[in-house]
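The structure appears right after this line, and notes come after that.
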Amino acid sequence: MNVGSLLARHARYRGDHTALVVGDVRLSFRELNRYVNRLANALLASGLKKGDTFTTVLPNCLELMAAIWAAGKTGIVVVPASPLLQAGGLATLIDDSDSAMVIADAAFAGALDGLRGALPKLVDNGVVLVGEDAGRHGFTSFESFIAGASEDDPPDAGIVGDDVFNIMYSSGTTGMPKGIVHTHDCRAAFCTLFASAFRIVPESIVLHSGSIVFNGAWVDLMPWMFVGGTYILHEAFDAERVIATIEREKVTHTIMVPSQIIAVLSSPSYDPARLQSLQMLHSVGAPLLLEYKRRINDELPGRFYELYGLTEGFATILDKHDAVRKVGSVGCPPAFSEIKIFREDGSECEPREVGEICGRAPIMMAGYYKRPDLTAQTIRDGWLHSGDAGYLDEDGYLYLVDRIKDMIISGGINVYPKDIEELIIQHPAVQEVAVFGVANEHWGETPVAAVVRASGADVAAGELVAWTNQKVAAKYQRIRGVVFYDEFPRNVAGKTLKRKMRAEYEGG
């Protein structure tokens with residue numbers, strides 16, 4: 001289960017096949033393998049060895065892809081950090097992960113220079129910068145770091161399945177980030193389970209336009225490398241570019257977070273005829289509202305998939321053949337995986353009874369890095385506890401209700417924001433909506449809706465409040481107000497930061 005062996009295999013047996021497209025660069029598997037080997041050998045020459053860690057702070061780019069697969073070949077553990085991190089958060093992550101090196105975009109030169117004293121584990125040659133002016137502050141440029149390094153495969157590191165491949169830090173949408181440890185066995189399960197579930201084969205052309213430091217991106221990254229297909233990586237998401245690339249390159253598989261899917265469907269360039277090559281249009285990272293699911297099923301039938309899962313390690317998949325008959329569901333667990341719904345007392349819920357979603361699967365983390373206490377809180381009796389509320393129908397398909405931490409308690413009654421969001425999105429002037437609770441002296445909490453208006457639409461806050469409160473199923477679902485955004489605040493994974501919007505609202 002050495003995931004690092006896959007690239008060398010494809011270089012030998014599928015060497016001329018187009019492996020990776022990033023911007024104007026198109027590399028065959030043979031060329032990609034040589035490039036990755038240069039970085040792998042340079043890392044080893046710098047003194048890093050199997051089990052050591054290094055952090056990347058990079059946007060989508062060729063160098064980030066090389067870092068991921070060089071880690072796979074050497075057993076050196078990669079820690080992909082979000083390029084949206086501020087200096088303080090970056091210092092915490094580098095220190096917590098025990099990183100001996102940082103490979104970062106040159107834009108971080110000043111921040112890293114200011115952190116020299118705070119990060120004693122990093123000596124001057126422990127920082128490698130990618131991009132123009134990479135030599136600033138005495139740091140090493142990426143090109144000089146790999147210059148002269150051998151293109152041959154690095155020495156066999158003796159990697160086995162339970163060796164660590166990466167540490168993925170949580171997005172921090174519900175608390176402080178935690179280092180989530182994934183082994184080669186775990187990532188090999190990503191390869192096989194998701195390639196099978198999504199019907200990704202050697203002839204597939206996969207487009208990824210979201211950040212690949214987000215664990216959900218590895219849902220198509222690992223199957224691509226497993227089968228030896230073609231992977232097109234956009235440096236940043238742009239709806240018009242996504243549409244044009246799908247049409248030009250005859251893309252077969254693409255995965256996006258809901259905000260990106262909404263942007264594509266709302267683009268002036270959108271035309272279902274331009275996306276006919278797609279075999280999979282996949283939503284991941286957060287629930288996609290029913291209004292958009294139904295639209296995709298109508299305009300691009302037989303292509304929609306949805307995945308619900310945790311970086312910590314289990315998932316359900318709504319297959320394209322179930323996308324209409326189970327439209328409100330997020331699917332069922334893939335092979336070798338289980339999902340159960342538990343009550344607070346630990347007993348199992350009946351069908352359609354809401355409780356906490358728990359699961360176990362081959363893709364489960366080894367644990368939180370250096371936090372056995374948190375690991376024990378999250379994995380109990382072999383079951384990973386999600387903190388999400390949902391239920392199973394009589395067929396075993398999962399339906400999300402909401403994050404337990406996002407639940408609003410108003411007058412002692414549980415109010416689920418998702419129920420209100422599904423209603424508000426039906427208003428013709430609304431493109432996106434996020435509902436969160438704010439403090440209320442009388443009720444404890446009351447719901448507020450954040451809204452992104454549809455292009456050209458004009459609706460007043462009071463009008464939308466009245467429209468919503470006339471249509472909600474119960475009085476306790478009535479919203480207190482509406483706040484408009486041009487664009488929701490999001491983390492690198494594309495998840496809406498309700499916590500930030502709540503703080504902004506309560507702060508006036």
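The values are calculated or read from the model by the stated rules, or taken from the named source; none is laboratory data. Keep in mind that this is a model prediction, so the values were computed, not measured. Using ideal geometry, Cβ is built from the backbone for each residue, glycine included, and neighbour counts are taken over all protein chains shown.
Please name all residue pairs, on different chains or six or more residues apart, with Cβ atoms under 8 Å, provided the first residue is in the stretch 88-106 and is farther than 21 Å from Met65 by Cα and not assigned by TED's automatic domain parsing to the domain that holds Tyr369 and the second residue is part of a strand (DSSP E or B) and of a type in the set (Val, Ile, Thr).
If the second residue must be part of a strand (DSSP E or B) and of a type in the set (Val, Ile, Thr), the pairs left are Asp98/Thr53.
If Arg248 satisfies every condition in (1) without any contact (Cβ under 8 Å) to a residue 12 or more places away in the chain; (2) under 16 Å from the mean Cα position of the chain (by Cα) but one, which is the exception?
Going through the list (1) without any contact (Cβ under 8 Å) to a residue 12 or more places away in the chain; (2) under 16 Å from the mean Cα position of the chain (by Cα), Arg248 breaks only (2).
Condition first: touching a residue at least 60 places away in the same chain (Cβ under 8 Å) and not in a loop (DSSP other than H, G, I, E, B). Can you find one or more residues in the stretch 262-269 that meet it?
There is at least one residue in the stretch 262-269 that is touching a residue at least 60 places away in the same chain (Cβ under 8 Å) and not in a loop (DSSP other than H, G, I, E, B).
Pairs under 7 Å by beta carbon, first residue in contact (Cβ under 8 Å) with a residue 60 or more places away in the chain in the stretch 139-156, partner assigned to a helix (DSSP H, G or I) and of a type in the set (Asp, Glu), six or more apart or different chains?
Correct list of pairs: Phe142/Glu63.
Just to be sure I understand the filter: pairs with C-beta atoms under 6 Å, separated by 6 or more residues or on different chains, first member in the stretch 161-189 and over 18 Å from Asp220 (Cα atoms) and outside the structural domain of Met501 (by TED's automatic domain parsing), second member at pLDDT below 75 and assigned to a strand (DSSP E or B). Which pairs pass?
none
Please work out which residue is farthest from Val251 (Cα to Cα), limiting yourself to the stretch 280-298 and to residues that are among the hydrophobic types (A, V, I, L, M, F, W, C) and not in a loop (DSSP other than H, G, I, E, B).
Leu290
Name the residue that is modelled with the highest pLDDT, counting only residues in the stretch 462-477 that are crowded, with 17+ Cβ neighbours inside 10 Å and more than 13 Å from His427 (Cβ to Cβ).
Gln477
Mind checking which residues of the stretch 388-435 are part of a helix (DSSP H, G or I) and among the hydrophobic types (A, V, I, L, M, F, W, C)?
Hits for the stretch 388-435 are Ile404, Ile420, Leu423, Ile424.
Could you tell me how many of the residues in the stretch 270-279 are assigned to a helix (DSSP H, G or I), in contact (Cβ under 8 Å) with a residue 24 or more places away in the chain and either more than 18 Å from Arg294 (Cβ to Cβ) or acidic (Asp, Glu) (or both)?
Of the residues in that region, 1 qualify.
Among residues belonging to the stretch 335-375 that are surrounded by 16 or more Cβ atoms within 10 Å (Cβ to Cβ) and among the polar types (S, T, N, Q), point out the one that is nearest to Ala195 (Cα to Cα).
If we take residues in the stretch 335-375 being surrounded by 16 or more Cβ atoms within 10 Å (Cβ to Cβ) and among the polar types (S, T, N, Q), then Ser337 is nearest to Ala195 (Cα to Cα).
Taking the options Asp153, Asp105, name whichever one is of a type outside the set (A, V, I, L, M, F, W, C), farther than 20 Å from Leu44 by Cβ, at pLDDT 90 or above and surrounded by 15 or more Cβ atoms within 10 Å (Cβ to Cβ).
It is Asp105.
Being more than 16 Å from Tyr485 (Cα to Cα) and in contact with a Cys (Cβ under 6 Å, 6 or more places away or on another chain) narrows it down to one residue among Tyr416, Tyr397; which is it?
It is Tyr397.
Out of Leu129, Leu193, which single residue is over 27 Å from Arg371 (Cα atoms), at pLDDT 90 or above and in a helix (DSSP H, G or I)?
Going through Leu129, Leu193 in turn, just one is over 27 Å from Arg371 (Cα atoms), at pLDDT 90 or above and in a helix (DSSP H, G or I): Leu193.
Residue by residue through the stretch 414-460, note down the ones that are farther than 24 Å from Gly494 by Cβ and crowded, with 17+ Cβ neighbours inside 10 Å.
Matches in the stretch 414-460: Val415, Trp443, Glu445, Thr446, Val459.
Ala81 is checked against (1) over 18 Å from Val181 (Cβ atoms); (2) surrounded by 21 or more Cβ atoms within 10 Å (Cβ to Cβ); (3) in contact with a Ser or Thr (Cβ under 8 Å, 6 or more places away or on another chain) and fails just one. What number does that condition carry?
(1)
Return a yes/no flag: does the stretch 389-409 have any residue that is closer than 17 Å to Ile180 by Cα, of a type in the set (Ser, Thr, Tyr) and in contact with a strand residue (DSSP E or B) (Cβ under 9 Å, 6 or more places away or on another chain).
no
Restricted to the stretch 359-378, and to residues that are touching a residue at least 40 places away in the same chain (Cβ under 8 Å) and among the hydrophobic types (A, V, I, L, M, F, W, C), which residue is farthest from Lys178 (Cα to Cα)?
Ala361
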